[in-house]
Ligand code: PBG
């Protein structure tokens, strides 16, 4: 079919933006790309068969060469070599058959290769893997910068402070470094971020009231970002730990018990304060019971019906969060988080959380950590129609980085594979500190 365009009288390639479908339709065709994987994901640049690269532009139209395909062309065949179709047919009928190049010889095997009779098997799965074109045609899962949510650490300072345990990550100055990082991410198609604040110790209290200060770091940052990038999707973390003098996600009673309903009361105020500043998606990561329903009601009561809730449905009490807690200085001052975060040994229990979050009105269900919990991602994917998010957490990021720095693994390839595997397990979106680096790779940049 390809290459025969011109003989088709009315080839109409539809690629509609919004509701506008025109008689002449604009089609995006990358120059040096042999295969286009799905019209909604135009390929771009150097094509890597394993990933689908894109580079969106400000208008949603990919900035590539635009071809206008006319709806009707009826100008007859194009003469190239002098002979008409009838003359060519007549020549073949008369026995003057033009020569085709020879079929290539069967490649030689190395000396000593055993001579065997071929297996009499009908199923040889390797047939579908034998060339890059076939492999990319049959690829089941795709990875795109549109799937990424970029977690960013912010602080009150003007400088960007490197995070020792997370090479390549910084606590960004909310006024400068953050804006630059967001601009870089948007440039390669990552237009969703989630904010994590480093709060001065002096503002931390047992009840974490700074969490709902409308002039606090997070609301101020949201306002600044929305002012500069109105279409940026901003996710926020809803939990008390960055604001708690105890370093816990909830209010700690004298005897060490994390108080559930009282904490949820605070979380509702926190979510509303973030929504008021312009957050698009609030993400309770605290694992208190009943918080999704309570936050939904609180948001609705304040007129934020269109602010979404991404619930940390299955968040495990994991040691993979270590580097994050260093980044925010948010280690629990005593004890651990096992009375609210899930036991890493548990699978069925995720279904209890899933049912609660669905019935309470969650819009997105999240599994955390990511790679060690692929079974849980698949469990949620198969049991809910809601979008699923996976959080590739700080420890997962740092292990890949460390392996790369020590030259024990190929960092770039392992990064992309880990992200693809999270998608294959059933994640629609991935929160990953690799968002910018991976998106650059997918866009054909180094
Ligand atoms: C706390 C929170 C944590 C992370 C995100 N939100 C840490 C924790 O539960 O102690 C961890 C993210 C990461 O490790 O990358 N609300």
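The values are calculated or read from the model by the stated rules, or taken from the named source; none is laboratory data. Keep in mind it's a predicted model, so treat the numbers as computed, not measured. Glycine also receives a Cβ, built like all others from the backbone with ideal geometry; neighbour counts cover every protein chain displayed.
A single member of 408, 399 is within 16 Å of the ligand (Cβ to nearest atom) and over 18 Å from the mean Cα position of the chain (by Cα), and it is 399.
Note on region 430-446: residues that are assigned to a helix (DSSP H, G or I) and within 16 Å of the ligand (Cβ to nearest atom) amount to 4.
Table: residues versus (1) over 21 Å from residue 324 (Cα atoms); (2) within 16 Å of the ligand (Cβ to nearest atom); (3) buried (at least 16 other Cβ atoms within 10 Å of the Cβ); (4) modelled with pLDDT of 95 or more.
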| site | (1), (2), (3), (4) |
| --- | --- |
| 229 | yes, no, yes, yes |
| 238 | no, yes, yes, yes |
| 247 | no, yes, yes, no |
| 260 | yes, yes, yes, yes |
| 264 | yes, yes, yes, yes |
| 275 | yes, no, yes, yes |
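In this entry, residue 255 passes the filter for residues that are farther than 16 Å from residue 205 by Cα, more than 16 Å from the ligand (Cβ to nearest atom), more than 30 Å from the chain's Cα centre (by Cα) and not in a helix (DSSP H, G or I). Remark: residue 362 matches the filter, which requires a residue to be touching a strand residue (DSSP E or B) at 6+ places or on another chain (Cβ under 6 Å), more than 16 Å from the ligand (Cβ to nearest atom) and under 27 Å from residue 274 (Cβ atoms). Looking across region 188-218, the residues that are crowded, with 23+ Cβ neighbours inside 10 Å and part of a helix (DSSP H, G or I) come down to 211, 218. Inspect all residues belonging to region 314-327 and state whether any of them is within 13 Å of the ligand (Cβ to nearest atom), closer than 17 Å to residue 244 by Cα and part of a loop (DSSP other than H, G, I, E, B). So far as region 314-327 goes, no, none of its residues is within 13 Å of the ligand (Cβ to nearest atom), closer than 17 Å to residue 244 by Cα and part of a loop (DSSP other than H, G, I, E, B).
Yes/no per residue for (1) under 28 Å from the mean Cα position of the chain (by Cα); (2) farther than 25 Å from residue 419 by Cα; (3) part of a loop (DSSP other than H, G, I, E, B); (4) free of Cβ contacts under 8 Å to residues at least 40 places away in the same chain:
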{"position": "105", "(1), (2), (3), (4)": "no, yes, yes, yes"}
{"position": "109", "(1), (2), (3), (4)": "no, yes, yes, yes"}
{"position": "122", "(1), (2), (3), (4)": "no, yes, yes, yes"}
{"position": "128", "(1), (2), (3), (4)": "yes, no, no, yes"}
{"position": "142", "(1), (2), (3), (4)": "yes, no, yes, no"}
{"position": "146", "(1), (2), (3), (4)": "yes, no, no, no"}
{"position": "150", "(1), (2), (3), (4)": "yes, no, no, no"}
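In region 168-181, is there at least one residue being touching a residue at least 40 places away in the same chain (Cβ under 8 Å), crowded, with 23+ Cβ neighbours inside 10 Å, in a strand (DSSP E or B) and under 24 Å from the mean Cα position of the chain (by Cα)? The answer is yes; a qualifying residue exists. Does residue 424 satisfy the criteria of being away from the ligand (no atom under 16 Å from the Cβ), under 16 Å from the mean Cα position of the chain (by Cα), surrounded by fewer than 17 Cβ atoms within 10 Å (Cβ to Cβ) and assigned to a helix (DSSP H, G or I)? For residue 424, the condition - away from the ligand (no atom under 16 Å from the Cβ), under 16 Å from the mean Cα position of the chain (by Cα), surrounded by fewer than 17 Cβ atoms within 10 Å (Cβ to Cβ) and assigned to a helix (DSSP H, G or I) - is met.
Only one of the numbered conditions (1) over 19 Å from residue 231 (Cα atoms); (2) in contact with a strand residue (DSSP E or B) (Cβ under 8 Å, 6 or more places away or on another chain) is violated by residue 141, and that is (2).
Got a sec? Which of 295, 309 is more than 16 Å from residue 218 (Cβ to Cβ), crowded, with 22+ Cβ neighbours inside 10 Å, at pLDDT 95 or above and within 16 Å of the ligand (Cβ to nearest atom)? Checking each option against the conditions leaves just 309. Which of the residues spanning region 362-396 are buried (at least 20 other Cβ atoms within 10 Å of the Cβ) and in a loop (DSSP other than H, G, I, E, B)? The answer is 362, 369, 370, 393.
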